[in-house]
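Values in this text are rule-based calculations from the coordinates and carry no lab data. This one's a predicted model, so the numbers in the text were calculated from it and none came from an experiment. Don't worry about glycine lacking a Cβ; one is built from the backbone with ideal geometry, like all the others, and counts go over all protein chains shown.
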Amino acid sequence: MSEPIQITDYSFKEEVLENDIPVLVDFWAPWCGPCRMVATVVDEIAREYDKQIKVVKINTDTNPKIATEYGIRSIPTLMLFKNGQRIETVIGAVPKSTLSSVINNNI
C-alpha cells in the first residue's frame with residue numbers, strides 16, 4: 001500500500017473514518033496546477049510512511065459530497081484523520097517537510 005489510492009464519496013467512510021491507522025486525505029482536482037505540484041510530495045509521503053499511515057486521494061470534481069461536508073474551499077487541501085476524526089488540515093501546495101512534521105506530530 002505504498003501508492004495513494006483513489007477514493008470516492010461512497011468509499012470515504014470505510015477507507016478513512018473506519019481505518020485503524022491514521023489516514024492522509026488529498027483533496028484535489030485534475031485541472032488544479034498546485035494539486036499536481038503537491039501530488040509528487042504526497043506520493044513520496046505514501047512510500048515513506050508505508051504501514052504507518054494510509055494515503056488516499058479524492059477528486060473534488062467527481063466527489064463533491066465529502067468536499068462539501070468538510071468545508072473544502074480551496075485545493076489542494078490535505079487532511080489527516082485519526083480514529084475517524086480530522087486532526088490536522090494543510091491547505092495549499094506545501095513542502096514535504098511541512099507534511100512530514102504534521103504526520104510525525106500525530107502518529
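Kindly give Rg over Rh for the stretch 5-95, based on alpha-carbon atoms, with the Kirkwood expression for the hydrodynamic radius. Don't skip to the answer; put the middle values down first.
Working: Rg = 11.9 Å, Rh = 12.9 Å.
On the Cα set of the stretch 5-95, Rg over Rh gives 0.92.
Where does each of 34-41, 22-29, 87-94 land if you order them by average Cβ count within 10 Å, highest first?
Details: 34-41: 16.9, 22-29: 23.0, 87-94: 15.4.
Ranking, from highest mean packing down: 22-29, 34-41, 87-94.
Given the rule -39500 (n - 2.57) for each run of at least 4 DSSP H residues, summed and divided by the residues of the chain, what is its mean residue ellipticity at 222 nm, to the nearest 500 deg cm²/dmol? Walk me through the numbers before you get to the answer.
On the way: 3 runs with 31 residues, N = 107.
Estimated from H runs of four or more residues: -8500 deg cm²/dmol.
Between residue 61 and residue 91, what is the label-to-label distance in nm when each label sits 7 Å out along the Cα-to-Cβ direction?
The answer from the label model is 2.2 nm.
Please report, in debye to the nearest 20, how large the charge dipole of the stretch 5-95 is about its Cα centre when each Lys and Arg carries +1 at its beta carbon and each Asp and Glu carries -1 there. Intermediate results must be reported in sequence, preceding the final value.
Values: 10 positive and 13 negative charges, 36 e Å.
Result for the stretch 5-95 is approximately 180 debye, rounded to the nearest 20.
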